[in-house]
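The values are calculated or read from the model by the stated rules, or taken from the named source; none is laboratory data. What you are looking at is a predicted structure, and each value in this text was computed from that prediction instead of being measured. Note that each Cβ is placed from the backbone with ideal geometry, even for glycine, and that neighbours are counted across all protein chains shown.
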Amino acid sequence: MSRLSLSRRRFLGLAAMRTAATFGLTTIACGSARAADRPADGATFSPAVVVGTGYGAAVTALRLGAAGVPTLMLEMGQLWDKPGPDGNVFCTMLSPDQRSMWFRTRTEAPLATFLWLDVINRDITPYAGVLDRVHFPNMDVYVGRGVGGGSLVNGGMAVTPLRSSFADILPGVDADEMYRVYFPRANAGLGVNDVDPAWFETADCYRYARVARESARVAGYGTAFVPNVYDFGYMAREDAGLVPKSALNSEVIYGNNHGKRSLDRSYLPAALGTGHITIQTLTEVRSIERQSGGGYLLRARQIDPYGSVVADREIGCRYLFLGAGSLGTTELLLRARETGALPDLSPEIGQRWGNNGNIMTARANHVWQPTGTVQSGMPALGIDHRADPANPVFAEIAPLPAGFETWVNLYLAITRTVERGNFAYNPATGRAELRWGPEQSQPSVASAKALFDRINAANGTVYRYDLFGHNKAFADDFCYHPLGGVVLGRATDGYGRVRGYPNLYVTDGSLIPGWVGVNPFVTITALAERNIERVIAEDVLR
Ligand code: FAE
């Protein structure tokens, strides 16, 4: 694909999204695209179906579309491209409304309280909002809902893992090829960029990161800049007051109105622009079964943004790609196996799930170390202690964009952990339930504590106990990085082909066995690029 044609495709795709948003359409396609036909029996047929629109799904759709394969993407969330009554597509973290969360009556932000006061969460109307917090005993999981999946709500940190970590977790994948071909391809497709170090040193919005860097230095720890998909050039213009603010307006977990190259600004418009992709929004796939003549039949439910059922649909396809994320894909396959719809699925489905060792913590700095009243929502620096074989930790310096001075440093520590959970199917609810014991988070807490105890001791500072609820200094009961459940080379072959079922593929974070040591979306994207190239060549175009 030439550079020119890629940008033209992206332009066409963005126009298609804008049109769909303007007219409130739940079907998004470019011009003549017709991924799905509706034969006389009422069921829809599409040669290929991709479930979800997150990282793995978006890569898969782009490559299928570029190969000329008509493809239907089914996404349970909505398209986020239409301004609300306040003129913005997304709400801010400081005044969340119904757009913030997926069918909740009250927001459920990662920080529960401030100074033990219930001032962070708000009552909201149940609505198809952009962030979901999926509850399991001892471990909640944050995920994005909408066209673009997690890319809509995440911190944009785009980190290629250490080669040693990658080779360790996926020894069956050719690491040479990944680092030569697919990681660079993923970084280019995602639009990853680096902060200008000179600007970083002077920008008020990164004072919090510089303060945290100094505290780490005093304790003998180094830091590293973290690449991001947020346009740092745009952020500098925000800082200069030249453009509308987003990262500098407390926007992250409920979406960014500007500046961020989320998937609905990168891979997905490029996919739509091939003219072979259709995205159907507010449509949740509920079951998968085999069709007698080969291929798969999906049953899906379409809702309106307030949750009323619009239609139940049946969709047939020849090739089925699951990109519903670690939770979504695992649940679809577990349900299919346990209800007997796909009885020969591997016992490995639902196994080897992990939280990427996620632990949040916060420190109180001294009064002479203010962290700033305006903090960029996009982290740009991490304490890089990955080289320590005994206790490797990569701790992102996260913002606490309260809009007033807090003297707090907040961190997301990614610790190394071998703890894994698994999913069990509950026939009464039809849901996949995560089994994760509270003790399974404790090795990660111990790792994070070792690092931050040393920082506190060296600086004469203390933990904050007022932020995560239950007087906890370490948030060990939720995560942002769910990984695993349908692990590559175990539940699938080495390219994501689901064992036992031809033309059924997994393409998302469920392929990664529970840990990758850094924020995962670059790895998910690169792996999807690798796998779909092989699948198109060997299965689809053969
Ligand atoms: P994902 O992006 O989760 O997409 C799955 C999609 O499938 C979603 O749009 C779902 O709505 C949809 N879906 C699920 N079930 C169904 C169904 N049955 N029918 C139809 N649609 C369905 O999957 N990672 C980083 O690398 N850097 C960061 O800075 C970072 N920060 C994060 C911050 C937050 C608040 C969160 C929640 C996550 C963060 N992550 C970050 C994690 C990252 O977003 C996540 O690993 C990827 O989004 C996972 O990509 P997948 O393709 O697996």
When Leu334 is run through (1) within 13 Å of the ligand (Cβ to nearest atom); (2) in a loop (DSSP other than H, G, I, E, B), the failure sits at (2)
Subset of the stretch 393-418 (residues that are out of contact with any Leu (no Cβ under 8 Å at 6 or more places or on another chain) and either surrounded by fewer than 18 Cβ atoms within 10 Å (Cβ to Cβ) or β-branched (Val, Ile, Thr) (or both)):
Phe404, Glu405, Ile414, Thr415, Thr417, Val418
Restricting attention to the stretch 374-391, and to residues there that are more than 23 Å from the chain's Cα centre (by Cα) and touching a residue at least 24 places away in the same chain (Cβ under 8 Å), which single residue is farthest from the ligand (Cβ to nearest atom)?
Asn391
Tyr267 aromatic (Phe, Trp, Tyr), under 24 Å from the mean Cα position of the chain (by Cα) and more than 14 Å from the ligand (Cβ to nearest atom)
no
Inside the stretch 138-161, can you point out the residues that are near the ligand (Cβ under 6 Å from one of its atoms), among the β-branched types (Val, Ile, Thr) and assigned to a loop (DSSP other than H, G, I, E, B)?
Val153
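Name the residue, out of Ala448, Ala491, that is surrounded by 19 or more Cβ atoms within 10 Å (Cβ to Cβ) and either closer than 20 Å to Ala61 by Cα or more than 16 Å from the ligand (Cβ to nearest atom) (or both). Explain how you work it out, then say what you get.
Numbers: Ala491 fails: either closer than 20 Å to Ala61 by Cα or more than 16 Å from the ligand (Cβ to nearest atom) (or both).
None of the others qualify; the one that does is Ala448.
Quick one: which residue in Glu314, Glu284 is of a type in the set (Asp, Glu), at pLDDT 95 or above and more than 12 Å from the ligand (Cβ to nearest atom)? Outline the logic, then answer.
Values: Glu284 fails: more than 12 Å from the ligand (Cβ to nearest atom).
None of the others qualify; the one that does is Glu314.
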Given the conditions (1) farther than 16 Å from Cys479 by Cα; (2) assigned to a strand (DSSP E or B), report the number of the one that Asn391 does not fulfil.
(2)
Residue that is near the ligand (Cβ under 9 Å from one of its atoms) and either of a type in the set (Asp, Glu) or at positive phi (or both), where the choices are Gly325, Gly275, Gly307, Gly294:
Gly325
Qualifying residue in the stretch 89-99 (condition: within 13 Å of the ligand (Cβ to nearest atom), on the phi > 0 side of the Ramachandran plot and not small (Gly, Ala, Ser)):
no
Return yes or no: is Tyr495 in contact (Cβ under 8 Å) with a residue 60 or more places away in the chain and under 24 Å from the mean Cα position of the chain (by Cα)?
no
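Scan the stretch 356-373 and give yes if some residue there is farther than 23 Å from Tyr234 by Cβ, in a strand (DSSP E or B), in contact with a His (Cβ under 7 Å, 6 or more places away or on another chain) and within 13 Å of the ligand (Cβ to nearest atom), otherwise no. Walk me through how you get there before you give the answer.
First, the residues of the stretch 356-373 that are farther than 23 Å from Tyr234 by Cβ: 356-370.
Now restrict to residues that are in a strand (DSSP E or B): 358-364.
Keeping just the survivors that are in contact with a His (Cβ under 7 Å, 6 or more places away or on another chain) gives 358.
Subsequent filtering for residues that are within 13 Å of the ligand (Cβ to nearest atom) retains 358.
There is at least one residue in the stretch 356-373 that is farther than 23 Å from Tyr234 by Cβ, in a strand (DSSP E or B), in contact with a His (Cβ under 7 Å, 6 or more places away or on another chain) and within 13 Å of the ligand (Cβ to nearest atom).
Picking from Ala15, Ala48, Ala57, which residue would you name as being out of contact with any Pro (no Cβ under 6 Å at 6 or more places or on another chain), in a helix (DSSP H, G or I), modelled with pLDDT of 90 or more and surrounded by 23 or more Cβ atoms within 10 Å (Cβ to Cβ)?
Numbers: Ala15 fails: surrounded by 23 or more Cβ atoms within 10 Å (Cβ to Cβ); Ala48 fails: in a helix (DSSP H, G or I).
Matching residue, one of Ala15, Ala48, Ala57: Ala57.
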Any residue that is more than 9 Å from the ligand (Cβ to nearest atom) and among the hydroxyl-bearing types (Ser, Thr, Tyr) - is there at least one of those in the stretch 52-63?
yes
Search result, residues across the stretch 100-120 that are touching a Ser or Thr at 6+ places or on another chain (Cβ under 8 Å) and within 16 Å of the ligand (Cβ to nearest atom):
Ser100, Met101, Thr107, Ile120
Mind counting the residues in the stretch 438-470 that are without any contact (Cβ under 8 Å) to a residue 24 or more places away in the chain and either of a type outside the set (A, V, I, L, M) or part of a loop (DSSP other than H, G, I, E, B) (or both)?
4
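Conditions (1) at pLDDT 95 or above; (2) of a type in the set (A, V, I, L, M, F, W, C); (3) closer than 28 Å to Leu451 by Cβ, marked per residue:
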{"site": "Gly146", "(1), (2), (3)": "yes, no, no"}
{"site": "Ser151", "(1), (2), (3)": "yes, no, no"}
{"site": "Ala175", "(1), (2), (3)": "yes, yes, yes"}
{"site": "Ala198", "(1), (2), (3)": "yes, yes, no"}
{"site": "Val211", "(1), (2), (3)": "yes, yes, yes"}
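Output the residues belonging to the stretch 339-355 that are at negative phi and more than 16 Å from the ligand (Cβ to nearest atom).
Start the filter on the stretch 339-355 by keeping residues that are at negative phi, which leaves 339, 341-349, 351, 353-355.
Once the filter is applied, which keeps residues that are at negative phi and more than 16 Å from the ligand (Cβ to nearest atom), the stretch 339-355 yields Pro343, Asp344, Leu345, Ser346, Pro347, Glu348, Gln351.
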Counted residues in the stretch 91-124 being closer than 27 Å to Thr278 by Cα and touching a Lys or Arg at 6+ places or on another chain (Cβ under 6 Å) come to 1
Identify the single condition in (1) buried (at least 19 other Cβ atoms within 10 Å of the Cβ); (2) in contact with a Pro (Cβ under 6 Å, 6 or more places away or on another chain) that Phe468 does not satisfy, given that it satisfies every other one.
(2)
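Inspect the stretch 102-109 for any residue being surrounded by fewer than 24 Cβ atoms within 10 Å (Cβ to Cβ), at pLDDT 95 or above and within 16 Å of Gln280 (Cα to Cα) and give the result as yes or no. Before you say what the answer is, go through the steps one by one.
Of the stretch 102-109, the ones surrounded by fewer than 24 Cβ atoms within 10 Å (Cβ to Cβ) are 102-109.
Subset that is at pLDDT 95 or above: 102-109.
Of the ones still in play, those that are also within 16 Å of Gln280 (Cα to Cα) are none.
The answer is no; no qualifying residue exists.
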Free of Cβ contacts under 8 Å to residues at least 12 places away in the same chain and β-branched (Val, Ile, Thr) - does that describe any residue in the stretch 124-146?
no
What single numbered condition from (1) hydrophobic (A, V, I, L, M, F, W, C); (2) part of a loop (DSSP other than H, G, I, E, B); (3) away from the ligand (no atom under 16 Å from the Cβ); (4) out of contact with any His (no Cβ under 8 Å at 6 or more places or on another chain) fails to hold for Val69?
(4)
